[in-house]
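The values are calculated or read from the model by the stated rules, or taken from the named source; none is laboratory data. Because the structure is predicted, anything quoted here is derived from the model rather than measured. FYI the Cβ positions are ideal-geometry reconstructions off the backbone, even for glycines, and counts take in every protein chain you see. These area figures cover heavy atoms from the full protein model, side chains too; ligands, DNA and RNA do not enter into them. Shrake-Rupley method; radii C 1.70, N 1.55, O 1.52, S 1.80 Å.
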Amino acid sequence: MNGWQGSPSLASPPMAELLARLQSDLNASRKAQDKARTLVLGTTLADLRNREIELRRELSDEDAIEVLRRGIKRRRESIEMYTKGNREELAAKERGEVEILETYLPAGVSDDELRAAVRAAIAGGATNVGAAMGKVMPQFKGRAEGGRINAIVREELSRQG
C-alpha cells in the first residue's frame, strides 16, 4: 500500500502529516456532501499523487506545500483571466478554491520580515533585482510568494537608488 488509500496499516510507509490531513478532510467533505470542497481536495490529492510518481519517492510536507502553492498560483492566474473576460461567477469559484487551499499552507511571512531580509541582502552587496532575489528567495522558500518578494525588492532598490 502506498499510504494514499485505505486505513493505515503497520506495513504502509509513514504518510506526511499534510497529506493525511488532506485525505481526512476529503473524506469529511464527501460525508458532508460539500461538492466544492470535495472537488478541490480531490484534485489536489491527484496533483500530489502525480508529483509523488514524478519524484519516485514518498512526498514530504515541503513537497506537498510546493504542490499546493502551484495549485493556488494556477487558480490565481485563472481568476485574473476570468476577471478580464467578464466571467465573475467563474472567478468567484476559483477564489473559493484558493481560500480552501490556503488553509493548508503554513503561516505566511510578514512584509516586515521580508523587508528586513531584502534590506540585509542589499546591504550585503545585492545591487539589482536578480541578485537580491537570489539571496532572499532561499530563506523564504515555501513560505512567501516570489511575486511578493519581488515587489518588496523593487521598492527597496528604488529607495536606494
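Tabulated data
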read-out	value
Pairs with Cβ under 7 Å, 6+ apart, first in the range 48-60 and of a type in the set (Asp, Glu), second assigned to a loop (DSSP other than H, G, I, E, B)	52/58; 52/59; 58/3; 58/13
Number of positions in the range 55-91 that are over 15 Å from the mean Cα position of the chain (by Cα), at pLDDT below 95 and acidic (Asp, Glu)	1
Any hit, the range 21-44, residues being under 18 Å from residue 142 (Cα atoms) and free of Cβ contacts under 8 Å to residues at least 24 places away in the same chain	no
Pick from the range 134-145, criterion open to solvent by less than 30 Å² (accessible area, probe 1.4 Å) and in a helix (DSSP H, G or I), ranking: nearest to residue 69 (Cα to Cα)	140
